[in-house]
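The values are calculated or read from the model by the stated rules, or taken from the named source; none is laboratory data. Values in this document were obtained by computation on a predicted structure and should not be read as measured data. All Cβ positions, glycine included, derive from the backbone under ideal geometry; neighbour counts span all protein chains shown. SASA here: full protein model, heavy atoms, side chains in, ligands and nucleic acids out. Shrake-Rupley method; radii C 1.70, N 1.55, O 1.52, S 1.80 Å.
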Amino acid sequence: LVGGVALTLWILVLGPALAYPLAGQASLRKAWGLELPTLKDLSLSVMVAPAAVLLITAYMMLQAEWLPMSEDLANSFKQIFDIESLHPLVIVAVFVISPAICEECLWRGTYQGELAVERRPLKAIVLVALFFGLFHFSFYRFVPTALVGAILAWGRGRTGALVNTIVLHAAYNALL
């Protein structure tokens, strides 16, 4: 499963994220916001991650009161995220860094970059968040994932730099 997760991220997620701007002859630097981030923005990205984890954890606890996770779903997550049997470097590479890079390039890079042309930042944040939530294919995780997607989209819109959202996403995943 770990190899499948890695291949899915690097081929099926990053591939289209790269192909779309290149097929349209767009500059990846412009489409993805590949500007050098400021030290202040990078620091804020790291500091937002614990607050995001607390927010999402609180929401998940509240959600569990009304929509408890089924045993089958809980077992599926345990099987996918069986990190006790994995080397720590594999955990970091597959579950922290890879999703941060690949998902950010697709959602906050290509997709949000395309929406930014309209100059309607709230619309971009909402759409990116909704599709990011749907992308994770879990009714149970839709709202928390969409909330994280909104935080990440806000960060990209605020700073314009994709690197900040990659750092925030990686810090968020590491804390989880």
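Full extension of the segment from PHE131 to THR38, taken as 0.36 nm per residue of separation minus the current Cα-Cα distance, would add 30.7 nm. Carbon and sulfur together cover what percent of the accessible area of the chain at a 1.4 Å probe radius? Within the chain, the accessible surface is 71 percent carbon and sulfur.
Principal axis extents of the C-alpha atoms in the chain (largest first, rounded to whole Å): 46, 32, 29. Mean sequence separation of contacting Cα pairs (under 8 Å, at least six apart), scaled by the length of the range 21-125, corresponds to a relative contact order of 43 percent.
Residues of the chain: accessible area per residue at 1.4 Å, in Å²?
On the way: 10300 Å² over 176 residues.
Accessible surface, normalised per residue, equals 59 Å².
Helix 14-23 and the longest principal axis of the C-alpha atoms of the chain enclose an angle of approximately 20°.
Among 63-69, 149-155, the peptide with the highest mean count of other Cβ atoms within 10 Å heads the list, and the full ranking is 149-155, 63-69. Any chance you could check the Cα centroid distance between the range 70-98 and the range 14-66 for me, in angstrom? Centre-to-centre (Cα) distance: 21 Å.
Put simply, when 157-166, 49-58 are sorted by average Cβ atoms within 10 angstrom per residue, most first, you get 157-166, 49-58. Modelled label positions at SER85 and ALA174, each set 7 Å beyond Cα in the direction of Cβ, lie 2.7 nm from each other. Ranking ALA170, LEU122, LEU55 by how far each Cα lies toward the positive end of the dipole of the chain (charges on Cβ) leaves LEU122 at the top. Packing-based ranking of 84-95, 25-36 yields 25-36, 84-95, ordered from highest to lowest mean Cβ neighbour count within 10 Å. Computed over the Cα atoms of the range 83-145, the ratio of the radius of gyration to the Kirkwood radius (Rg/Rh) comes to 1.10.
Summing charges over all other residues whose Cβ lies under 12 Å from the Cβ of MET69, with Lys and Arg as +1 and Asp and Glu as -1, gives -1.
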